[in-house]
Structure formats: structure tokens, C-alpha cells
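*Asks:* Sharing a structure below in C-alpha cells format, with a few things to ask.
The values are calculated or read from the model by the stated rules, or taken from the named source; none is laboratory data. The model shown is predicted, which means the values in this text are computed figures rather than measured ones. Methodologically, a virtual Cβ is constructed for each residue, glycine included, from the backbone with ideal geometry; neighbour enumeration extends over all protein chains shown.
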Amino acid sequence: MTILISLLWQRVRRHQILFLIILSLATMMLGAILFAWTQRVHFFTALYWAVTTATTVGYGDVTPHNAIGRLVAMGVMLTTIPLVGAVFAAWAAVLASIQLRRVLGMEHRLNVKDFLVVYGFNDTVAHLLNELVDEKQEVVLVADVDPVMVPARIHLMVGDPTKAETVKKSHPERARQALIAGNSDGDILMTAVLVKHAAPNLPQMAMVQSAKVAEALQDLGIRHTIAADDLMGRTLAKSLETPHAADLLLGLIGTDRYQLRERAVQAEWAGQKLSEVRKNYPGVLLGLVHEGSVLVGVEQDPVIDTHDAVLVLVLEL
């Protein structure tokens, strides 16, 4: 019995307005029945009196004529009037909440296709969004963030990306790629699992802090992971050995003139070594993507397969 009452109370809490309406109607009906019985009037007249009393209209054309009728009236006024007031207040709060959520972008309806969806928000994502806006890409951001912090051209969906309902509303199955970020690796891991469940074929990239979490995500089938601490540590270490290493990296990715691109291999490259293709390639061929791993071609000279891809540096004119 205790469990049943607890379940019923949980359902009531989810539908507070409906509960208040039912309780208000019940008290009005009970007041009407008692008023009709004690004042010897028709039930419709008693119901009319209960409604006018509960809504505080009080025309005064129907009134109690004895002590017991006045007790019934006091009972209706002390119970039904506050309940009806609570119903109107709750309904007004719901309408205001809906309007506020629309203003803040929390009820944003996605009308875009072929978009990049970003789950979570942090300082790195804030800089990334500005770069994506400059590249005129369609981006949907799913995060619990103040809309003021998001560029105007970004389609914002305010919500917790670690919740299955939020991920579902973002329609990841319609996206071309997903980037998962956040303030903690636990949230990133949870979001990655939900996105993987909602859109199994969606390419995902996760931006984590720990290399161990990156390994765990790879075990889940998310091949593209970036461990920020590992990346920063390795970059600084190489910069100590080679002072201009960081400058070279920024020169490759920090300018609009040069763009890194991943492209499918040409049919005639299949079966050739990377060094042979690199000699005849008109541009800058940086490396080979083979079975999800990037091969620079320094320690070994891999043979190119038809399913591989190449990383090239393109000069944007």
C-alpha cells in the first residue's frame, strides 16, 4: 500500500495542474451537494452558487439562510477559492515558462539538415563556435548555457546533453557529425553513450581531458577522440625540444590561408607506397589515414589501400 501511494503521489506531482483542477471540482461538487441538501434547493442552483462562490464573483442572488448553510459556505470559501486561485496561478506560470523558454531558445525547433551537432559547452567550445561561424557551417549546440554566450548564427538547444530526452530532441540521426565536449569526462562519456544509442552510424568526435577516457570511448566505437591534457602536454614537450614546433602547428591550423583536409585516395594510388604518391602529389601531403590511425610515413612507408584517406594541406585563395 505504501508503494502504491508513493507511485500515485509521483504521478500527481508530474501533473500538478490536473490534480488541482480535479480537487477544485471535487470540493465545488461536494459544496454544491451539501448546500442543496441543507438549503432545500435544486442541485443546479446549488452548483451555480458554488461556482460563483469559488470564482469570487458572488452575485448574491443565492445565499445560505441558516447556520449550517453558512458553515457549508465557509467551508467552500476556505477550500475551493484557494484551490481555484492555485489553478489559475499554476496555469499562468506554465504559459510564462513556455514563453520564456522560447525566448531563451530552450524550445528551439531544428529546421536544419546536414549540420554539425555539438554537445556540451566549455571555453574551448566557445572559441570553436566562432571559428565555425566564420566558416559558415550549420551548427547546432546542445548545452545548458546562457544564450548570450553563444554566437547568433548557432542553433542553440538549451538542455542537459547527459539526458536521453535532450539528445533525442536534437535529432542526431539528421546530423553529419557530432562533437562531444563538456566540463567533465564523466558527462562526456555519458553523452557519447546516449548519442551512440540514438544514432549508431553518426561519426563522433569526443574532446576529453584524460587519455584513459579517450581509450574507453574508443572501446565504445568512437574512434576520434582528443585528450586535451595529452595534446597540450605533448605540444609543450615538443616545443621545449624544438622551440618553433608550436609555431609550426599554429601556422598550419591557425590561419585561414591554409586548410587541413581529409580526402579519399585516388584510384590510381591504390597499391603504391606513400612516398611514391607524395613525390608526385602537386600539393602538401601530410599523412595517410589507415584503419583509423594516422601514418606520417617517416618510420615506415605504408602501402595505400582503396579504403584509406589522405591528409593534405590546401592553400585557400
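*Asks:* Collect the residues in segment 166-203 that are free of Cβ contacts under 8 Å to residues at least 60 places away in the same chain and within 17 Å of Gln137 (Cβ to Cβ), keeping them in residue-number order.
*Replies:* So the first thing to find is which residues in segment 166-203 are free of Cβ contacts under 8 Å to residues at least 60 places away in the same chain, and the list is 166-169, 172-173, 184-186, 189-190, 192-194, 196-203.
Hits for segment 166-203 are Pro172, Leu202, Pro203.
*Asks:* Residues in segment 240-248: is at least one of a type in the set (Gly, Ala, Ser) and modelled with pLDDT of 75 or more?
*Replies:* Of all residues in segment 240-248, those of a type in the set (Gly, Ala, Ser) come to 245-246.
With modelled with pLDDT of 75 or more added as a condition, the list becomes none.
Checking segment 240-248: not a single residue is of a type in the set (Gly, Ala, Ser) and modelled with pLDDT of 75 or more.
*Asks:* Among the residues of segment 123-163, count how many are surrounded by fewer than 16 Cβ atoms within 10 Å (Cβ to Cβ) and in a helix (DSSP H, G or I).
*Replies:* 11
*Asks:* Exactly one of (1) modelled with pLDDT of 80 or more; (2) in contact with a helix residue (DSSP H, G or I) (Cβ under 6 Å, 6 or more places away or on another chain); (3) of a type outside the set (Lys, Arg) is unmet by His307. Its number?
*Replies:* His307 satisfies every listed condition except (2).
*Asks:* I've got another one for you. Quick one: would you say Asp187 is of a type in the set (Asp, Glu), within 21 Å of Leu129 (Cβ to Cβ) and assigned by TED's automatic domain parsing to the domain that holds Val139?
*Replies:* Details: of a type in the set (Asp, Glu): yes; within 21 Å of Leu129 (Cβ to Cβ): yes; assigned by TED's automatic domain parsing to the domain that holds Val139: yes.
Yes: the conditions hold for Asp187.
*Asks:* Restricting attention to helices (runs of 4 or more DSSP H) lying wholly within segment 1-92, give those where 1 or more residues are modelled with pLDDT of 85 or more and in contact with a Phe, Trp or Tyr (Cβ under 7 Å, 6 or more places away or on another chain). Let's see the steps before the verdict.
*Replies:* Details: elements: 2-14, 16-39, 43-54.
Correct list: 16-39, 43-54.
*Asks:* List the number of the failed condition for Leu313; all other conditions in (1) loosely packed, with under 13 Cβ neighbours inside 10 Å; (2) modelled with pLDDT under 80 hold.
*Replies:* It fails just one condition, (1).
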